[in-house]
Structures are given as structure tokens and as C-alpha cells.
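What follows is a single structure, written as C-alpha cells, with notes after it.
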Amino acid sequence: MDKKEKINMEVFDLAVKQAVEHAEIRVRLELSEKVEFYKRLCKFLILLISLVTVCSIVLNIRMLIDCC
């Protein structure tokens with residue numbers, strides 16, 4: 001392999017490494033966005049379940065009071 005081919009291979013290797021690094025960064029960003037989405041979804045669902053539970057308790061208490 002002559003000097004020019006060796007330099008071209010080094011440049012190619014660097015380009016491949018850089019492309020892999022960019023792909024890894026992109027994947028990490030996408031994963032962090034998905035994690036944030038699911039965190040928000042879980043918080044919303046917990047809030048919704050809490051609200052339904054409180055409403056159910058209040059309605060049961062009102063029914064007990066009305067019956068007596």
C-alpha cells in the first residue's frame with residue numbers, strides 16, 4: 001500500500017468513526033426523548049388514577065351518608 005492509499009484509509013477510518021459517534025449521539029437523544037415521554041405519561045396516569053380513587057371514595061361516602 002503506498003502512502004496515498006494509506007492516507008485515504010486513515011481518512012476513511014476517521015470518517016467511519018465520526019459517523020458512528022454521530023449515530024450513537026442521535027440514538028441517545030432519541031432514547032432520552034422517549035424516556036421523558038414515558039415519564040410524563042406515567043405521571044399523568046398516576047394523577048388520573050389518584051383522581052379516580054378520590055372521586056370513588058367521595059362518592060362512596062356520600063352514598064353512605066344518604067343511606068343513613
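The residue pairs whose first member lies in region 1-16 and is at negative phi, whose second member is exposed (fewer than 10 other Cβ atoms within 10 Å of the Cβ), and whose beta carbons are closer than 8 Å, counting only pairs six or more residues apart or on different chains, are M9/M1.
Could you pull out the residue among L48, L64, L14, L41 that is more than 13 Å from the chain's Cα centre (by Cα), part of a helix (DSSP H, G or I) and at pLDDT 95 or above? Exactly one of L48, L64, L14, L41 is more than 13 Å from the chain's Cα centre (by Cα), part of a helix (DSSP H, G or I) and at pLDDT 95 or above, namely L48.
Need pairs with beta-carbon distance below 8 Å; first residue surrounded by fewer than 10 Cβ atoms within 10 Å (Cβ to Cβ) and within region 42-68, second not hydrophobic (A, V, I, L, M, F, W, C) and not in a helix (DSSP H, G or I); sequence gap 6+ or separate chains. Listed by first residue and then by second, the contacts come to nothing, as the list is empty.
The values are calculated or read from the model by the stated rules, or taken from the named source; none is laboratory data. Computed from a predicted structure; not experimentally measured. Neighbour counts run over all protein chains shown; Cβ positions are idealised from the backbone, glycine included.
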